[in-house]
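The values are calculated or read from the model by the stated rules, or taken from the named source; none is laboratory data. Predicted model only: the values in this text are computed from it and were never measured. Cβ placement follows ideal geometry from the backbone for every residue including glycine, while neighbour counts extend to all protein chains displayed.
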Amino acid sequence: MAWTTPKTWNVDELLTAANLNTHLRDNLNALKSPPTGHYECNETGDYTTTSTSFVDVDGTNLALTCTTSGGDVLVHFHASVMHTASGRICFDVTVDGNRVAGDDGMIGGYVPVSASGFPMVQMTFTRLLTGLSAGEHSFKLQWKTSGATAKLYAGAGTSWGDLHPQFWAREVS
């Protein structure tokens, strides 16, 4: 349900059920259940990339659509990642096909490799996107690596890595 700019009432104006429903009930409902897109991974395989430039992690499942009233949207992502060789993994988001942070993205981290194996690192971000117009918006999670192979655990049953990352977007204004 979309937000409606509240009516300015005249002193002698008759209250009607239609006006009260539109400007009170419907707006309270819009505040209670704002436009939200959410995906929690429970895939058949973990995600991997060798790309050194930003690419979609998953252009279908980790691509959210929200129809907003216009204003601000929070986006959030958290996951566990690893690297087959010591290196960096960076994440960013596109809104309607345009990368948000630019450069090396919203978050990046160095993932070391030890003699005992490939350690996993937790990565998370929450970002306020301001000034979005009213209408439908597409949010896609992207990533890149400095080289070798980066892996994002995606609930695929991997031993000691059956982890379920989340990606979501929610209008907050």
Among (1) within 23 Å of Ala169 (Cβ to Cβ); (2) at pLDDT below 95; (3) in contact with a Pro (Cβ under 6 Å, 6 or more places away or on another chain) - the single one Ser33 does not satisfy: (3)
Considering residues of the stretch 53-86 that are touching a Lys or Arg at 6+ places or on another chain (Cβ under 6 Å) and not in a strand (DSSP E or B) only, the residue surrounded by the fewest Cβ atoms within 10 Å (Cβ to Cβ): Ser53
Test result for Leu24, surrounded by 10 or more Cβ atoms within 10 Å (Cβ to Cβ), over 30 Å from Leu152 (Cβ atoms) and either in contact with a Ser or Thr (Cβ under 6 Å, 6 or more places away or on another chain) or among the hydrophobic types (A, V, I, L, M, F, W, C) (or both): yes
Subset tally (residues that are surrounded by 16 or more Cβ atoms within 10 Å (Cβ to Cβ) and either part of a loop (DSSP other than H, G, I, E, B) or touching a helix residue (DSSP H, G or I) at 6+ places or on another chain (Cβ under 6 Å) (or both)) for the stretch 159-173: 3
Contacts under 8 angstrom Cβ, first residue in the stretch 1-24 being at pLDDT below 80 and of a type in the set (Ser, Thr, Tyr), partner surrounded by 12 or more Cβ atoms within 10 Å (Cβ to Cβ) and in a loop (DSSP other than H, G, I, E, B), 6 or more apart: Thr22/Thr4; Thr22/Lys7
Residue check for Gly131: modelled with pLDDT of 95 or more, touching a strand residue (DSSP E or B) at 6+ places or on another chain (Cβ under 9 Å) and surrounded by fewer than 10 Cβ atoms within 10 Å (Cβ to Cβ): no
Complete set of residues in the stretch 138-154 that are over 14 Å from Val121 (Cβ atoms) and at pLDDT below 95: Gly147, Ala148, Thr149
Residue match in the stretch 98-121 (condition: in contact (Cβ under 8 Å) with a residue 60 or more places away in the chain and among the hydrophobic types (A, V, I, L, M, F, W, C)): no
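Kindly check whether there is at least one residue in the stretch 102-115 that is of a type in the set (Phe, Trp, Tyr) and either under 16 Å from the mean Cα position of the chain (by Cα) or in a loop (DSSP other than H, G, I, E, B) (or both).
Checking the stretch 102-115: not a single residue is of a type in the set (Phe, Trp, Tyr) and either under 16 Å from the mean Cα position of the chain (by Cα) or in a loop (DSSP other than H, G, I, E, B) (or both).
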Selection count where residues are outside any loop (DSSP other than H, G, I, E, B), out of contact with any strand residue (DSSP E or B) (no Cβ under 8 Å at 6 or more places or on another chain) and touching a residue at least 12 places away in the same chain (Cβ under 8 Å), scope the stretch 25-52: 5
Flag for Gly147 being in a strand (DSSP E or B), surrounded by fewer than 19 Cβ atoms within 10 Å (Cβ to Cβ) and either in contact (Cβ under 8 Å) with a residue 60 or more places away in the chain or aliphatic (A, V, I, L, M) (or both): no
Residue match in the stretch 129-138 (condition: within 14 Å of the chain's Cα centre (by Cα) and part of a loop (DSSP other than H, G, I, E, B)): no
